[in-house]
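Visitor: Starting off with a structure, shown below.
The values are calculated or read from the model by the stated rules, or taken from the named source; none is laboratory data. In this text, all values refer to a predicted model and were calculated from it rather than measured experimentally. Neighbour counts are summed over all protein chains in view; Cβ atoms, including those assigned to glycine, are modelled from backbone coordinates with ideal geometry.
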Amino acid sequence: MSAWQIYRPTPQQPWTQERAAHLHRRSVFGSTWNELQRDLSGKPQEAVSRVLSDEARIDGIPDEFASLANLIGNAAAVQPNVERLKAWWIYRILFTPAPLQERLTLMWHNHFATSNLKVNNLPFMKLQNDTLREHATAPFGELLHAMLHDPALLTWLDAPSNRRGHANENLSRELMELFTLGIGNYTEADVKHVARALTGLTVKEGRFQFNAHRHDAGEKTILHKTGPFDADQLADILLQNPATAQRLAGKLIAEFCSEGVVNETAHNELASQLRTSNLDIGKAVETILRSELFFSDANINSRICDPMSFLIAPLRALELFDKPPSTLALSEWLQRMGLDLFNPPNVAGWPGNRSWLTTRTVIARANYVAAIISGDVYRPANAPDLQKLAKKHSASKNDAFETMMRILLLGGANENQAQEPIKSTIDSREANTVLALLTGFHAHLH
Amino acid sequence: MLNRRRFLNQSSLLSLSPLIPAFLSQTAAASEARQDDRILVVIQLDGGNDGLNTVIPFADENYGKYRDKLRIDKKEIIKLNDSLGLHPAMKSMGQLFDDNQLAIIPGVGYPNPNRSHFRSMAVWHSARMHPADHTGQGWLGRACDQQQKPGNATPDAVFIGDSPIPAAIIGRRTNSIALNNEAELMLASKFAAPAKATSSDDLQAFVQSTVTASYAAAKRFAASTKNSASDKAGYPNYRLARKLRLISRIIRLDGGTRIFYVSQPGYDTHSMQKHSHQRLLREFSRSLKAFLVDLQQAGLSDRVMVMAFSEFGRRVRENASAGTDHGTSGPVFVAGKSVNAGVLSKYPSLENLEDGDLKSTVDFRSIYASLLTNWLEIDATLPLGGKFKPLKVVS
């Protein structure tokens, strides 16, 4: 596609440390120095391929990641404290060999934003999270159909009380406004008819159930089509509507590109690709990540760094893997930074972008960095040995450590950085470097 | 057909529901526009407050009949008039009453009362009677939904506490945040302020100014915790008082958020309640008074009103363990300089009980209606799911 032509290095846009770091920071929560050097020594499209095929990470992945993650997740789902489930997800994001999948799982959590505050059922929340992950890069229809059978989502949007003759329009409205078409692409009459098509979806004995007695099998007219539609037929009508592809394209662009970088033509082209590829999400993500647009100067360090990236990227850059920080502590920090997993602010999810940066969250970010340096993210506290890290990468002399960290933590940004000296009581030069880099304003862009 | 421009307009409307810091708006314009807005602080007395021993009908001989071990001595009761008085631990609120800063509304409840903490709290939070309508959204959340302005970056409601955000302040689009403690608003280390905004790039300038402003705000906040201005208000050493003091600091430092919510747990007094109830009421009463004094000193009393409620009252007759079991109606308090002070409703009859409980004389939604329409100036119909005649709590 013309607007999305593949990035090839040119003298004007060479393959540099900055561009490699950009790929990692935008798509997979940052990287270690070794991962960056490996990608830098090859071709950019090979680096993108590694991101897409879950080979981007080489450091810090536990041998038994899958079984460990399952063990932690299953244990978290059967105890009463949601904090443990949050900690499980953070564990996954920090250690998974498939970070792009986690990035997209997080995106879908924000799309089908469901809160345990109302669902109040950790096995349901865990199941939903697993389902989002399973279909993260699949054709969108698979995910949408799965969500219409998802106990957490159905509970969240009152589907069980939507019965024949007793409509509850909650799911109906959000299905069209937030999950597929977007506002302005349906009428209030559609909302009523869609609610009827959705009758009978319920949750019983901890599982999805279709209750035929409660289902309204009569004719409905939805988006100018008429028939005795049920939920799955309705979903197909919504999936085929061009507004859905357009909206998904916008969603993916917002996830990976900065404001204003993608013009209307490119947006339309991506939507068109989605329409002709059965709304294949993985393919659309590939189109974006391989593109010249994605690697263009305008797209680098020009998006607000989201809380999860701010949480994870420093841990990977500093290689805090052997004896990792407490994931429960990390979850608390993440909440202070404005991202309380399994508890979005409302059905529209986290608005993201500039709204991530507020007084409270900026203070939380600064304090989080201080907690990494002082070792307070560990329980018990345990300050990381950054001199050892510097030595490992032969970066003990002069500005070598700072140069390395500036690439990993800030994607190489360096203008106007920390003009005043840091007034810190910490006497490690490396620690002060990290503190200075991550409390300046460039740390909030990626 | 959806063109990009329209799409962007729509998605920005969708995505602009605010999520932000309690005490500093992102733009001066945003905070200026809201600086004079009125504020409602809700105190939730968790567990079911024993209303009969809070606002006491001391002149009614039935009171002594039902309350043996738990009877409050008439001499100690703080008299409001010749038939009603406050628990002796509520001296501070007695002073507020004398000072025309307190409205007392006895007998508040709703039809077919439910004695489950969970169900009854859901009724009070949602202002909806039917469990099917307890969808996790509440009257204040729905009220804020009607006030959503694109580009607004201030939280609509702030809950101070470490439990989940109460449904009362959750809406479809409303942004409510929880703050646990003051440390969340202070910097752990002395960070250098980044350079002043110099970038011509809009996003970079935004980040620069936000970071700079945030660090400055943290310093101001830290200074305000050392500054004795609010200490002069004489906050007692209670958890509720600390939460209210934090609210006062947030209101003082900026503006924008109109709804604050706190809870005071412990009112589920099934046994040996005499001392625990006394302690709770003393904490409630003294904390509330200190908060109002503090606001007055800060010149903010015109803008703030406080409402305190509990999910139900307790049974009229004490139980065999010198405690009380779950009942139905109970008193609601509204406090502040602009309140329609006095006793605003009829005390339920102790003769004519309903299944051993006080019959309610006021529907709680009529108090909500007044707070919404007369104080916050928000149409109450949608938040309350119908029209209710306001019981005028605003003077």
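Visitor: Write out, first by first residue and then by second, each pair whose Cβ atoms fall under 7 Å of each other, whose residues are 6+ apart or on separate chains, and whose first residue, in the stretch A:41-52, is over 12 Å from A:L100 (Cβ atoms) while the second is small (G, A, S).
Guide: Pairs found: A:A47/A:A20.
Visitor: If you take the residues of the stretch A:179-211 that are among the aliphatic types (A, V, I, L, M) and buried (at least 16 other Cβ atoms within 10 Å of the Cβ), which of them is farthest from A:D158 (Cα to Cα)?
Guide: Among residues in the stretch A:179-211 that are among the aliphatic types (A, V, I, L, M) and buried (at least 16 other Cβ atoms within 10 Å of the Cβ), the one farthest from A:D158 (Cα to Cα) is A:L181.
Visitor: Could you figure out which of (1) farther than 30 Å from A:S258 by Cα; (2) away from every other protein chain (no Cβ under 13 Å); (3) crowded, with 21+ Cβ neighbours inside 10 Å; (4) of a type outside the set (S, T, Y) isn't true of A:L341?
Guide: (1)
Visitor: Moving on to the next point. Any residue at all in the stretch A:312-321 that's buried (at least 24 other Cβ atoms within 10 Å of the Cβ) and over 30 Å from A:W15 (Cβ atoms)?
Guide: No, the conditions are met nowhere in the stretch A:312-321.
Quick grid of which residues meet (1) aliphatic (A, V, I, L, M); (2) at negative phi; (3) at pLDDT below 95:
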residue	(1), (2), (3)
B:A335	yes, yes, no
B:N340	no, yes, no
B:L344	yes, yes, no
B:D355	no, no, yes
B:A369	yes, yes, no
B:W375	no, yes, no
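Visitor: What residue, among those in the stretch B:45-84 that are of a type in the set (S, T, Y) and within 31 Å of the chain's Cα centre (by Cα), is nearest to B:V332 (Cα to Cα)?
Guide: Checked the stretch B:45-84; the qualifying residue nearest to B:V332 (Cα to Cα) is B:T54.
Visitor: Tell me which of these B:S176 doesn't satisfy, since it passes every other one: (1) modelled with pLDDT of 85 or more; (2) buried (at least 23 other Cβ atoms within 10 Å of the Cβ); (3) among the polar types (S, T, N, Q).
Guide: It is condition (1) that B:S176 fails.
Visitor: Taking the condition of being in contact with a Leu (Cβ under 6 Å, 6 or more places away or on another chain), without any contact (Cβ under 8 Å) to a residue 60 or more places away in the chain and farther than 21 Å from B:I39 by Cβ, how many residues in the stretch B:343-395 meet it?
Guide: Summing the residues that are in contact with a Leu (Cβ under 6 Å, 6 or more places away or on another chain), without any contact (Cβ under 8 Å) to a residue 60 or more places away in the chain and farther than 21 Å from B:I39 by Cβ in the stretch B:343-395 gives 1.
Visitor: Hey, among the residues in the stretch B:262-296 that are among the hydroxyl-bearing types (S, T, Y) and surrounded by fewer than 16 Cβ atoms within 10 Å (Cβ to Cβ), which one's nearest to B:N180 (Cα to Cα)?
Guide: Ranking the qualifying residues of the stretch B:262-296, first place goes to B:S276.
Visitor: Criterion first (surrounded by 21 or more Cβ atoms within 10 Å (Cβ to Cβ) and within 30 Å of A:T137 (Cβ to Cβ)) does A:A266 satisfy it?
Guide: yes
Visitor: Here's another thing I want to ask about it. Inside the stretch B:122-142, can you point out the residues that are touching a residue at least 24 places away in the same chain (Cβ under 8 Å) and within 14 Å of chain A (Cβ to nearest Cβ)?
Guide: Once the filter is applied, which keeps residues that are touching a residue at least 24 places away in the same chain (Cβ under 8 Å) and within 14 Å of chain A (Cβ to nearest Cβ), the stretch B:122-142 yields B:A122, B:H125, B:S126, B:R128, B:D133, B:H134, B:G136, B:Q137, B:G138, B:L140, B:G141, B:R142.
Visitor: Need the failing condition index for A:L117 against (1) farther than 30 Å from A:Q273 by Cα; (2) modelled with pLDDT of 95 or more; (3) not in a loop (DSSP other than H, G, I, E, B), just the number.
Guide: Among (1) farther than 30 Å from A:Q273 by Cα; (2) modelled with pLDDT of 95 or more; (3) not in a loop (DSSP other than H, G, I, E, B), the lone unmet condition for A:L117 is (2).
Visitor: Now a separate question. Right, A:A245: within 13 Å of chain B (Cβ to nearest Cβ), of a type in the set (G, A, S) and under 30 Å from A:H24 (Cα atoms) or not?
Guide: Criteria met by A:A245.
Visitor: A:G440 passes all but one of (1) more than 7 Å from chain B (Cβ to nearest Cβ); (2) modelled with pLDDT under 95; (3) closer than 25 Å to A:G352 by Cα; which number fails?
Guide: (1)
Visitor: Looking at the stretch A:231-258 only, could you name the residues that are out of contact with any strand residue (DSSP E or B) (no Cβ under 8 Å at 6 or more places or on another chain) and among the hydrophobic types (A, V, I, L, M, F, W, C)?
Guide: Matches in the stretch A:231-258: A:A235, A:L238, A:L239, A:A243, A:A245, A:L248, A:A249, A:L252, A:I253, A:A254, A:F256, A:C257.
Visitor: Sticking with this one: Among the residues of the stretch B:172-189, write down those that are more than 15 Å from A:N343 (Cβ to Cβ) and either among the small types (G, A, S) or in a loop (DSSP other than H, G, I, E, B) (or both).
Guide: B:R172, B:R173, B:N181, B:A183, B:M186, B:L187, B:A188, B:S189
Visitor: Any chance the stretch B:216-238 includes a residue that's within 14 Å of chain A (Cβ to nearest Cβ), without any contact (Cβ under 8 Å) to a residue 24 or more places away in the chain, in a helix (DSSP H, G or I) and farther than 22 Å from B:F312 by Cα?
Guide: yes
To keep it simple, each residue is scored yes or no on (1) within 22 Å of B:H87 (Cβ to Cβ); (2) crowded, with 24+ Cβ neighbours inside 10 Å.
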| residue | (1), (2) |
| --- | --- |
| B:G330 | yes, yes |
| B:G336 | yes, yes |
| B:L344 | yes, no |
| B:Y347 | yes, no |
| B:D355 | no, no |
| B:L358 | yes, yes |
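Visitor: Could you list, in sequence order, the residues of the stretch A:162-176 that are surrounded by fewer than 19 Cβ atoms within 10 Å (Cβ to Cβ) and either more than 21 Å from A:F210 (Cβ to Cβ) or within 9 Å of chain B (Cβ to nearest Cβ) (or both)?
Guide: Answer for the stretch A:162-176, where residues must be surrounded by fewer than 19 Cβ atoms within 10 Å (Cβ to Cβ) and either more than 21 Å from A:F210 (Cβ to Cβ) or within 9 Å of chain B (Cβ to nearest Cβ) (or both): just A:H166.
Visitor: So, one more: From the residues in the stretch B:172-190 that are within 8 Å of another protein chain (Cβ to nearest Cβ) and within 16 Å of the chain's Cα centre (by Cα), which one is farthest from B:T212 (Cα to Cα)?
Guide: In this case the residue turns out to be B:S176.
Each row is one residue, and each column tells you yes or no for (1) touching a residue at least 24 places away in the same chain (Cβ under 8 Å); (2) not polar (S, T, N, Q).
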site: A:Y91; (1), (2): yes, yes
site: A:E102; (1), (2): yes, yes
site: A:H109; (1), (2): yes, yes
site: A:L117; (1), (2): yes, yes
site: A:P123; (1), (2): yes, yes
site: A:Q128; (1), (2): yes, no
site: A:T131; (1), (2): no, no
site: A:F140; (1), (2): yes, yes
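Visitor: Select from the stretch A:191-240 the residues that are in contact with a Ser or Thr (Cβ under 6 Å, 6 or more places away or on another chain), in a helix (DSSP H, G or I) and among the acidic types (D, E) and list them in ascending order.
Guide: Of everything in the stretch A:191-240, nothing turns out to be in contact with a Ser or Thr (Cβ under 6 Å, 6 or more places away or on another chain), in a helix (DSSP H, G or I) and among the acidic types (D, E).
Visitor: Which of the residues belonging to the stretch B:299-327 are more than 20 Å from B:L281 (Cβ to Cβ) and either of a type outside the set (D, E) or over 25 Å from the mean Cα position of the chain (by Cα) (or both)?
Guide: B:G299, B:L300, B:S301, B:R303, B:V304, B:M305, B:R317, B:A320 - these are the residues of the stretch B:299-327 that are more than 20 Å from B:L281 (Cβ to Cβ) and either of a type outside the set (D, E) or over 25 Å from the mean Cα position of the chain (by Cα) (or both).
Visitor: Can you pull out the helices (runs of 4 or more DSSP H) entirely within the stretch B:76-160 that have at least 1 residues that are surrounded by fewer than 17 Cβ atoms within 10 Å (Cβ to Cβ)?
Guide: B:91-98, B:117-126
Visitor: Are there any pairs with C-beta distances below 7 angstrom linking a residue in the stretch A:170-181 that is in contact (Cβ under 8 Å) with a residue 24 or more places away in the chain to a residue that is among the polar types (S, T, N, Q), with the two at least 6 apart or on different chains, and if so which?
Guide: Short answer, once both residue conditions are applied: A:L171/A:N162; A:T180/A:T244; A:L181/A:N241; A:L181/A:T244.
Visitor: Can you give me the ranges of the helices (runs of 4 or more DSSP H) entirely in the stretch A:348-414 with at least 2 residues that are surrounded by fewer than 20 Cβ atoms within 10 Å (Cβ to Cβ) and away from chain B (no Cβ under 14 Å)?
Guide: So the answer is A:386-392, A:400-410.
Visitor: Which residue, of B:T135, B:T154, is touching a Ser or Thr at 6+ places or on another chain (Cβ under 6 Å) and of a type in the set (V, I, T)?
Guide: Of B:T135, B:T154, the one residue that is touching a Ser or Thr at 6+ places or on another chain (Cβ under 6 Å) and of a type in the set (V, I, T) is B:T154.
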